[in-house]
Amino acid sequence: MDPISLLAAVGELRRRLLGGAVRAVRPMGPHGLWLECLTAGGIETLLVTAEEALPRLAVGVARPPRERALAPLAGAAQKRLPGLVLAEAEHRGLDRVVTLAFDGAGAEAPVRLAAELFGSRPNLILVGGDTGLILEQARPPAGETDRLQGPGRRYAAPSPPARPDPRLLEAAEMAGLLARAMAGGRTPAAALQDAFAGLSALWAREVVARAASEEAMSLAESLAGLLAEVAGGPGAPRLLLDAEGAPVGVAPLPLRHLPAERQRPAGSLGEAMERLAEEARGRHGIEGRRRELLRLVRRCRERLASRREKLAVEAAEFAQADSVQRMAEILVANQALVPRGAAEIRLPDYAGEPGAAIRIPLDPAEGAAANAERLFRTARRGRRGTLRVASRLAETDQELARLAALEPRLLAVGNPEELEAAARGLERMPHLLGPRERAVLCPAGPGAPGAAAPGGAGKGAAARPAGERRRGAGPEPRRFVSSEGLPILVGRDNEGNDHLTLHLARSEDLWLHVEGFPGSHVVVRMRGRDGGVPRQTLLEAAKLAAYYSQARSHGKVPVSYTLKKYVHKPRKSPPGLVTVTHEKTVIVAPDKALVARLASAAGEADTDRRDGNTDF
């Protein structure tokens, strides 16, 4: 609420509520108060709120709905204010600080309500009129400030504006200040803002529009006339609109510098303020939600960057597998040269330069053959680890790229629907978020996705066990039918892989996945068949696994297969990551024509259209 609009609101308050006795006090959200007063003219109402979206003072606001929880300020006001008379409303200069003085009769102590309607943390402070001590306040001070105060402390008003209040100056004095401000080449509107307190860019432009010329004296006379008109009231309030027709401000009177189509008449200044507050509340909610989501994005990026550093270290360690393999082979070829009990030995390295040697560490308690077998095992583990780390590095890089694209998208969207649509990119990464962060991502509440209906679990939910609800949830897999009539299911993304492997596949189904690359889990439904999977179906399923992976363009690739009962999900692992035992390998090439043929047999005509949606 700008100081000029506040000047008009305080003038209206004085005309309609001074001398009125407070009959009722209600909270208006956690940081506001609504008062009902009995005046000589009848019942009048007053709203004073330190709501962050739009701190304001407004007369004639309808009774708010009853709040479930009573904020401390509202509780203190309900005890102190009823029965007191609103004796004075002091508007300090052209500032956004208003003090309402309530006087009592007899034993009732006077009370003041200080409304500080400025800054990022506006406040309402209830002060004992006889002691000057704070009784309660809407917000505690944030951090270390020069006005660190709270209940029981003496109230200290904020520092007044450094620039003068133009209402206290003669026209000649105002003209002198303006002349000095414009001497440096400032425009008249900018000079008005530099010279005087309380003038926003909107009101500075209005002063210029009302002036007969851009001379300092003409501007001073225009400013004095405008302030007198605003203070005299009641005016003809306007709700100010932007080029798209959205409310962006209020004015207690028509503005000459704005086109008429961007000024909507309002029944009262209070009515215009409430319409603006509704719009501001929506914008404030969007900005708050945007900040929450951006914080989650940045946390995810930090965690992924940390994970990538650790994987890079592992990759460097596993890269020694070829060297260890060569040590084992050289040791096997030179067993007779290895003395018993040696901790290491240097042997000729036939793969190196002429005369090169290689140092091989040994276990003194074992013989040459046992040491060679140990090195072979280490090399095999290293090669398996190299594939696993390469897969996780590729997955991590993709997630980092997705987050890098998500951040500018969150910054660009401008309505709640687009914001939540963009936020769904984070729903693919629940493994990076803690429980509280996931609650921020999917806030519960009326209308929220998955929110239960009041008084129950939602239609039909009570009739389904929790396990059944979990089994039915998740992205549906692609469906194919092999040339031998067996169903083949293919996961669509990491979450879909988990859903397919953990919830849809049965223990005797065949499970496949391309080796060394991120890709889809593939399951062949065995339907109780004995004798294993037919060879043709195995090859077709392996080609699907190769096609729906990042190895699609790599020619022939190895595909692991095993029974689903040998596939396990490590605890707290990210979506799509599993461990496999008892696996075998088949070498195949991706075949797009086969994909189309098997999809057609299954009736999944949109498979090729969805290929671009695979997310690994």
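The values are calculated or read from the model by the stated rules, or taken from the named source; none is laboratory data. Being a predicted model, the structure only gives us computed values, none of them experimental. Every residue, glycine among them, receives a Cβ derived from its backbone with ideal geometry; neighbour counts consider all protein chains shown. Surface accessibility is based on the protein's heavy atoms, side chains included, excluding ligands, DNA and RNA. Shrake-Rupley method; radii C 1.70, N 1.55, O 1.52, S 1.80 Å.
Relative contact order of the chain: 7 percent, from C-alpha pairs under 8 Å at least 6 residues apart in sequence. Run through the stretch 165-265 and list the trypsin sites (Lys or Arg not before Pro) located in a DSSP loop whose Cβ has at most 16 other Cβ atoms within 10 Å. Answer in residue order: 186, 256.
Once the Cα-Cα distance is subtracted from the 0.36 nm per residue extended length, the residue 78 to residue 370 segment shows a gain of 96.5 nm.
Looking at the stretch 212-258, the GluC sites (Glu not before Pro) that sit in a DSSP loop and have at most 12 other Cβ atoms within 10 Å of their own Cβ are 244. Solvent-accessible area assigned to carbon and sulfur over the chain amounts to 52 percent, based on a 1.4 Å probe. Counting only DSSP H runs of at least 4 residues, each contributing -39500 (n - 2.57), and dividing by the residue count of the chain, the helix-based mean residue ellipticity at 222 nm comes to -12500 deg cm²/dmol. Placing a pseudo-label 7 Å from each Cα along the Cα-to-Cβ vector at residue 260 and residue 121 gives an inter-label distance of 4.7 nm. Rounded to the nearest 20 debye, the dipole magnitude of the chain is 2360 debye, with +1 charges on Lys and Arg beta carbons, -1 on Asp and Glu beta carbons, and the Cα centre as origin.
Quick one: net charge around residue 199, please, counting Lys, Arg +1 and Asp, Glu -1 for every other residue with C-beta under 14 Å from its C-beta. That sum, taken over residues with Cβ under 14 Å, equals +1. Centre-to-centre, using Cα atoms only, the stretch 181-203 and the stretch 389-408 are separated by 50 Å. Out of every Cα-Cα pair that the stretch 317-443 contains, those further apart than 22 angstrom amount to 58 percent.
Placing unit charges on the Cβ atoms only, positive for Lys and Arg and negative for Asp and Glu, gives the stretch 1-56 a dipole magnitude near 240 debye about its Cα centre. Nearest 10 degrees is fine. How inclined is helix 216-232 to the longest principal axis of the chain, computing both from alpha carbons? Roughly 90 degrees, rounded to the nearest 10. Summarising the label geometry, the points placed 7 Å from Cα in the beta-carbon direction at residue 476 and residue 15 lie 6.5 nm from one another. In this entry, the chain is assigned a mean projected area of 46.5 nm², taken as a quarter of its C-alpha convex hull surface. Annotation for the stretch 308-402: trypsin sites (Lys or Arg not before Pro) lying in DSSP loop with at most 16 further Cβ atoms inside 10 Å of their Cβ are 340.
Pairs with C-alpha atoms separated by more than 21 Å, drawn from the list 310/564; 556/584; 310/572, are 310/564.
Partners of residue 565 within straight-line reach, counting aspartates and glutamates whose Cα lies under 17 Å from its Cα and excluding those fewer than 8 residues away in the same chain: 498, 508, 509, 530, 583.
Near residue 94, once Lys and Arg are set to +1 and Asp and Glu to -1 for all other residues with Cβ below 10 Å from its Cβ, the sum equals +1.
What is the local net charge at residue 60, summed over the other residues whose Cβ is closer than 9 Å to its Cβ (Lys, Arg +1; Asp, Glu -1)? In short, -2.
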